[in-house]
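For reference, the structure discussed in these notes is given below.
The values are calculated or read from the model by the stated rules, or taken from the named source; none is laboratory data. Since we're looking at a predicted model, the values are computed, not measured. Glycine gets a Cβ as well: all are built from the backbone with ideal geometry, and neighbour counts include every protein chain shown. With ligands, DNA and RNA removed, areas are computed over all heavy atoms of the protein, side chains included. Shrake-Rupley method; radii C 1.70, N 1.55, O 1.52, S 1.80 Å.
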Amino acid sequence: MAAFAPAAGSGHWFSALALGVTLLKCLLIPTYRSTDFEVHRNWLAITHSLPISQWYYEATSEWTLDYPPFFAWFEYALSHVAKYFDQEMLTIHNLNYCSSRTLLFQRFSVIVTDALFIYAVHECCKCIDGKKTSKELTEKPKFVLSVLLLWNFGLLIVDHIHFQYNGFLSGLMLLSIARLFQKRHMEGAFLFAVLLHFKHIYLYVAPAYGIYLLRSYCFTASKPDGTVRWGSFSFVRVISLGLIVFLVSALSLGPFIALNQLPQVFSRLFPFKRGLCHAYWAPNFWALYNALDKALAVIGLELKLLDPNQIPRASMTSGLVQQFQHTVLPSVSPLATLICTLIAILPSIFCLWFKPQGPRGFVRCLVLCALSSFMFGWHVHEKAILLAILPMSLLSVEKAGDATIFLILATTGHYSLFPLLFTAPELPIKILLMLLFTIYSISSLKTLFRKEKPLLNWVETVYLLSLGPLEVCCEVVFPLTSWERKYPFVPLLLTSVYCAVGITYAWTRLYVSVLTGCLVGKTKKQ
């Protein structure tokens, strides 16, 4: 672990943080596990028991393989270790199989692969501006960033209770960002290309990578006013980047192209028949849209403006993942969400092109791309908010305005993950971990920027504090009312809509900051 100690000194504090969170992860092994545990067990069985030609056709379980090929090979590699723990977990027909050895293997596979995330955090710490130095270790930006990333509440509950491999994948993303900070552009591009073929959700941030590499790497020089010098375009560099993308894609998709199975692979990766929203609405624009449609439908029925017989039977709050029709507002198609997402992303892309602002400008654009896709994407999972929270952590320790946005985004986004853990034993665990992370985030960032104005104004403070009464209402008060049987979806609806307001606010505020900086830069040039 000594290899993880940052070059800047301070002894082995980074190792201690990494070891501490690893021990906590071990303590979480016996906790609740979601259906994702069975999903990954089934993928172990598929990749171990069947030839590659059947991986994306196998459908014995409802949890079919729907991640890109590199993740399938990752499961294949894990399966060859899993056979030494319990061979039965690798049998396809052993649905919902979970022996004690299977549990230990799958839990520890997440913990061990998190080593990549720890290394990535270590590399990101090297990229932090050291201007805000302090004699106190706990007040150093690198220390604060290490805690915000290594002890991230969202990763802890999603990976080590709910069960997924987001830490490993986020490690690839953070490492690619660190390489761009270090001007090792080819490595950064390679890591991101590999990441895309592990999990295609990272397409959300691909525009930021593409534009930044084109503007800041393929164009080797800028004019004195900051605009691009067209004559500096390097064909060698753009061909090199294209070659990296081609070779990684060929290695991933080549076998399935040879088998003439590419359409089948893509049909698994992009299942548009699943519907606009997940069973639990992700706290985004469509949650607000759905809630408004519900409210208008109720009002319409009360005022007898709507015919009850003509209202669609499929309910957005039934907990089913399906296509449906809105009652009052226009129904939304996949194409409509794609257009909305592209429109939301474009301003940040233009700013990155016309005023790159180096790697930090790239990270801001990346966060905006992640948030815009989260806000307007089709069938977005609530866990996707981590794609924005983690890179936003890098910005939060360098600038007070970004720290404010991070606090609102992280607190609201993390609370929106609470419904993932709905069992009683996990209630005190998630509340305690959330409180510890949130209190540390607020106190450490306030200390870091104590010479500047307060990070949160009174409205923002009241909004965040109101998450407490909302939790009491959803977990304690509502179950005691007669409404629980008739309207079981209300707690989820309240959580989703309330958190959607905070995330929308954070997205808007970050966009205003980026656009203002871009316009101010242009004004100065003139």
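Considering only residues that are of a type outside the set (D, E, K, R) and in contact (Cβ under 8 Å) with a residue 60 or more places away in the chain, look in the stretch 98-107 and name the one that is surrounded by the most Cβ atoms within 10 Å (Cβ to Cβ).
Here the answer is GLN106.
Residue check: is ALA287 of a type outside the set (S, T, N, Q) and surrounded by 14 or more Cβ atoms within 10 Å (Cβ to Cβ)?
yes
Here is a list of conditions, (1) surrounded by fewer than 16 Cβ atoms within 10 Å (Cβ to Cβ); (2) more than 19 Å from LEU288 (Cα to Cα), and TYR511 meets all of them except one; can you say which number that is?
All conditions pass for TYR511, except number (1).
What pairs come out if I take residues in the stretch 72-96 that are within 21 Å of GLU62 (Cβ to Cβ) and pair them with residues that are of a type in the set (Asp, Glu) whose C-beta lies under 8 Å away, six or more apart or interchain?
ILE92/GLU58; ASN94/GLU88; LEU95/GLU38; ASN96/GLU38
Every residue in the stretch 393-405 that is assigned to a helix (DSSP H, G or I) and without any contact (Cβ under 8 Å) to a residue 40 or more places away in the chain, please.
Result: LEU395, single match.
Here is a check on your reading of the model: is ILE52 of a type in the set (A, V, I, L, M), surrounded by 14 or more Cβ atoms within 10 Å (Cβ to Cβ) and in contact with a Pro (Cβ under 9 Å, 6 or more places away or on another chain)?
When the stated conditions are applied, ILE52 passes them.
Answer with yes or no whether LEU195 is under 22 Å from LEU342 (Cβ atoms), out of contact with any helix residue (DSSP H, G or I) (no Cβ under 7 Å at 6 or more places or on another chain) and not in a loop (DSSP other than H, G, I, E, B).
No: the conditions fail for LEU195.
Which members of the stretch 328-361 meet the condition of being more than 24 Å from CYS277 (Cβ to Cβ) and open to solvent by less than 30 Å² (accessible area, probe 1.4 Å)?
Matches in the stretch 328-361: SER348, ILE349, CYS351, LEU352, PRO356, GLY358, PRO359, GLY361.
Considering only residues that are touching a Gly at 6+ places or on another chain (Cβ under 9 Å) and not hydrophobic (A, V, I, L, M, F, W, C), which ones fall in the stretch 343-364?
LYS355, PRO356, GLN357, GLY361, ARG364
For every residue, the table says whether it meets (1) of a type in the set (S, T, N, Q); (2) at pLDDT below 95; (3) in contact with a His (Cβ under 8 Å, 6 or more places away or on another chain); (4) surrounded by 18 or more Cβ atoms within 10 Å (Cβ to Cβ).
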site	(1), (2), (3), (4)
SER176	yes, no, no, yes
MET186	no, no, no, no
LEU195	no, no, no, yes
SER222	yes, yes, no, no
ARG229	no, yes, no, no
ILE239	no, no, no, no
ALA250	no, no, no, no
ASN260	yes, no, no, no
LEU276	no, yes, yes, yes
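Restricting to the stretch 437-475, name every residue that is over 23 Å from VAL501 (Cα atoms) and exposed (fewer than 14 other Cβ atoms within 10 Å of the Cβ).
Matches in the stretch 437-475: SER443, THR447, ARG450, LYS451, GLU452, LYS453.
Would you check if there is a residue in the stretch 107-117 being under 18 Å from LEU19 (Cα atoms) and in a loop (DSSP other than H, G, I, E, B)?
Scanning the stretch 107-117, I find at least one residue that is under 18 Å from LEU19 (Cα atoms) and in a loop (DSSP other than H, G, I, E, B), so the answer is yes.
Please work out which one of (1) in a helix (DSSP H, G or I); (2) closer than 30 Å to PRO30 by Cα is the condition PHE422 fails and give its number.
The number of the failed condition is (1).
Among the aliphatic types (A, V, I, L, M), at pLDDT 95 or above, under 28 Å from GLU38 (Cβ atoms) and within 15 Å of the chain's Cα centre (by Cα) - does that describe any residue in the stretch 158-166?
yes
Here is a check on your reading of the model: is THR495 assigned to a helix (DSSP H, G or I), closer than 17 Å to LEU288 by Cβ, out of contact with any Pro (no Cβ under 8 Å at 6 or more places or on another chain) and open to solvent by less than 80 Å² (accessible area, probe 1.4 Å)?
No, not satisfied.
For the stretch 203-226, which positions are among the hydroxyl-bearing types (Ser, Thr, Tyr) and closer than 16 Å to LEU174 by Cα?
Answer for the stretch 203-226, where residues must be among the hydroxyl-bearing types (Ser, Thr, Tyr) and closer than 16 Å to LEU174 by Cα: TYR204, TYR209, TYR212.
Give the number of residues within the stretch 362-385 that are part of a helix (DSSP H, G or I) and open to solvent by less than 10 Å² (accessible area, probe 1.4 Å).
Counting residues in the stretch 362-385 that are part of a helix (DSSP H, G or I) and open to solvent by less than 10 Å² (accessible area, probe 1.4 Å) gives 16.
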